[in-house]
Amino acid sequence: MEVSAELGRWHTQTLGKGIEMNIARSFNNWRKYRQTVTELGRMTTRELHDLGIDRSDIHRVAREAAAR
């Protein structure tokens, strides 16, 4: 009985840490996405083209950056 209670506590703690890590990872990805959109959005069309990015591609590029 004592072993199963201990396993239950361990499982709950592990699950909780996994959820916390997932939330933190999601927040960091969102923050990276927003930062990329903001920085690219401030660039001129010419600066974007120098990087090989069209203005309509900003959100796609930001999603790809956040996924890394």
Fill in the blank from the handout: Only unsatisfied item for T38, checking (1) surrounded by 10 or more Cβ atoms within 10 Å (Cβ to Cβ); (2) modelled with pLDDT under 80, is (2)
Exercise for the section: Please list, ordered by first then second residue, the pairs with beta carbon atoms under 9 Å, 6 or more apart or interchain, first in the stretch 18-29 and part of a helix (DSSP H, G or I), second surrounded by 10 or more Cβ atoms within 10 Å (Cβ to Cβ). Expected result: N28/A66; N29/A66
Practice task
Out of the residues in the stretch 52-68 that are surrounded by 12 or more Cβ atoms within 10 Å (Cβ to Cβ) and hydrophobic (A, V, I, L, M, F, W, C), state the one that is nearest to the chain's Cα centre (by Cα).
Solution key: A66
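The values are calculated or read from the model by the stated rules, or taken from the named source; none is laboratory data. In this text the structure is predicted, and so the values were computed from the model without any measurement. Positions of Cβ are backbone-derived with ideal geometry, glycine not excepted, and every protein chain shown enters the neighbour counts.
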